[in-house]
Amino acid sequence: MTEQTIFTILLVIITFDFALERILNYLNRKSSKKPIPNELEGIYDEVRYAKSQAYQAEVSRFGTFSATFSFVILILAIYNGWFGMLDQWIRTFSPLSLVSPLIFFGILFIVSDLINAPFSIYRNFVIEAKYGFNKMTAKTFILDKIKGYILTIIIGGLLLGVLIYFVNAIGSDFWYYFWAVITAFVLFANFFYTSLILPLFNKLTPMEDGELKSSIQSYCDKVNFPLKNIFIMDGSKRSSKGNAFFSGLGKKKKVVLFDTLVEKHSIPELTAVFAHEVGHYKKKHILFTTIFSIGLMGFMLFLFSRMAYSAEVSWAMGGQTSALHLNLMAFGILYSPISTILGIIGNVISRKNEYEADAFAKETYDATPLINGLKKMSADHLSNLTPHPAFVFVHYSHPPLKERVRALEA
Ligand SMILES: [Zn+2]
């Protein structure tokens with residue numbers, strides 16, 4: 001393929017991605033103006049429902065604004081060959097092929113973070129604050145940024161360093177060596193996320209004795225799940241939105257309930273939410289999702305290995321000679337249609353898993369408190385009760401509330 005063709009394909013893909021997102025967003029925004037579905041009647045009063053619609057409209061408008069901004073910058077960067085210029089500049093002081101890509105991505109990371117920071121500040125401290133969700137202080141925001149930076153430098157830098165080394169030392173077979181490294185990393189991260197990474201940002205405490213613990217204890221005995229793996233997390237440090245999740249594999253498995261969830265829900269509701277999370281474990285969802293994503297990574301690395309050394313791709317990015325980092329950037333864009341399709345498949349599987357976990361909770365505990373808990377959570381988050389089916393198909397990892405309630409009541 002010629003440089004000119006690749007250049008055109010890059011611009012077409014970026015534009016297509018942007019247009020698709022805007023269309024989905026537009027459909028979803030229109031759809032959110034519908035009245036409350038019959039199944040969910042009583043979840044909001046008039047005033048609160050209007051508030052939820054105002055919140056979604058505001059989030060959607062802001063999303064359009066920030067996406068448009070990023071789109072324009074990316075188009076300008078590709079069109080004017082800014083990435084190639086950055087590469088040329090780095091070459092003036094760093095002749096080493098192992099170091100240049102690290103400097104390149106380091107600079108891009110800092111620049112994109114500086115561009116994104118005002119958006120993230122506005123989103124948290126203006127929009128989320130206006131609707132009473134934001135609980136984050138400026139200090140937490142800054143500390144999160146610093147910790148995020150350190151983690152990115154250590155983990156991102158290390159993985160990128162290994163990739164560069166393999167690409168240079170091994171040749172086009174590098175992909176399966178790196179696949180082995182990334183697989184080991186993903187497994188490690190899965191095992192230790194809640195014991196190593198999460199505690200850097202949040203405090204996890206074992207559940208205190210009391211009614212909730214005894215309710216969950218008797219459920220645990222029934223389904224044979226170790227109680228010592230349940231933790232309460234201080235989600236209230238950042239947002240008033242409550243949540244719960246399952247993480248880890250094998251002995252490192254954990255169910256984490258946000259303090260904000262515990263605060264607002266009854267004991268049967270919390271036990272039902274907990275039962276849902278245990279359902280994910282019992283149905284082996286975490287294991288399959290992990291295997292699925294490792295498989296995808298192999299596929300992606302294989303595709304990348306086909307263009308890692310291409311001079312044409314680097315030229316299309318504005319470079320003068322073949323550069324791994326320019327090709328990696330271009331690959332990120334060229335791969336995005338495939339990644340959109342794989343993302344949709346992933347979401348279809350994820351939504352199926354959610355129904356299964358709900359069914360597990362219904363079978364082993366009870367449907368009514370789960371329905372009530374889900375409704376309460378949805379109302380509390382001011383969520384969209386009538387998302388557009390196309391938007392759900394592409395973006396929702398969980399089925400819309402209406403469908404979950406319908407399945408649980410069936
Ligand atoms: Zn779930």
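Values quoted throughout were computed directly from the atomic coordinates according to the rules given, and no laboratory measurement underlies them. The structure presented is a predicted model; accordingly, all values stated were derived computationally and were not measured. For neighbour counting, all protein chains shown are included, and Cβ atoms are generated from backbone atoms with ideal geometry for every residue, glycine included.
The table that follows gives values for the structure above.
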{"read-out": "Rounded to 5, the percent of DSSP beta bridges in the chain classed as antiparallel", "value": "65"}
{"read-out": "Eligible lysines near K254 by straight Cα distance, threshold 22 Å, same-chain separation 8 or greater", "value": "K203, K213, K222, K228, K237, K241, K264, K282, K283, K284, K352, K362"}
{"read-out": "Positive-end residue, the chain charge dipole about Cα centroid, Cβ charges, pick of N224, F191, S305", "value": "N224"}
{"read-out": "Net length gained if the chain between F16 and Y122 were fully extended (0.36 nm per residue, minus Cα distance)", "value": "35.4 nm"}
{"read-out": "Full-extension gain in nm, A189 to I73, via 0.36 nm per residue minus C-alpha separation", "value": "38.5 nm"}
{"read-out": "Separation of alpha-carbon centers, segment 295-360 and segment 239-273, rounded to whole Å", "value": "32"}
{"read-out": "In order through segment 267-273: 3J(HN,Hα) via Karplus (6.51 cos²θ - 1.76 cosθ + 1.60), integer Hz, x for Gly, Pro", "value": "4, x, 5, 5, 5, 5, 5"}
{"read-out": "Where N is the number of residues in segment 102-242, Cα Rg divided by 2.2 N^0.38 Å", "value": "1.42"}
{"read-out": "Rg/Rg_globular for segment 267-400, with Rg_globular taken as 2.2 N^0.38 Å and Rg from C-alpha atoms", "value": "1.47"}
{"read-out": "Cα-based Rg and Dmax for segment 5-66, where Dmax is the largest Cα-Cα distance (Å)", "value": "16.9, 56"}
{"read-out": "Least to most buried among L408, L187 (fewest other Cβ within 10 Å first)", "value": "L187, L408"}
{"read-out": "Dipole magnitude (debye, nearest 20) for segment 263-349, charges at Cβ of Lys, Arg, Asp, Glu", "value": "240"}
{"read-out": "Full-extension gain in nm, A57 to L158, via 0.36 nm per residue minus C-alpha separation", "value": "32.3 nm"}
{"read-out": "With Cα atoms, 0 to 90° folded angle of helix 324-334 axis to the chain main axis", "value": "50"}
{"read-out": "Cα-centred dipole magnitude for segment 305-410, charges only on beta-carbon of K, R (+1) and D, E (-1), debye, nearest 20", "value": "120"}
{"read-out": "Positive-end residue, the chain charge dipole about Cα centroid, Cβ charges, pick of F62, H381, I150", "value": "H381"}
{"read-out": "Relative contact order of segment 1-109, pairs being alpha-carbon contacts under 8 Å that are 6 or more residues apart, as %", "value": "32"}
{"read-out": "Relative pair counts by distance (%), Cα atoms of segment 70-114, 5 Å bins", "value": "5, 20, 27, 26, 14, 6, 1"}
{"read-out": "If the convex hull is drawn through the Cα atoms of the chain, its volume per residue in Å³", "value": "143"}
{"read-out": "Spin-label pair I107/M1, simplified geometry with 7 Å Cα→Cβ offset, distance in nm", "value": "2.6"}
{"read-out": "Exposed GluC sites (Glu not before Pro) absent - longest run of the chain, DSSP non-H/G/I/E/B, at most 12 other C-beta within 10 Å", "value": "209-410"}
{"read-out": "Most fluctuating residue given options N229, N38, N243, as computed from a GNM of the chain linking Cα atoms under 10 Å", "value": "N38"}
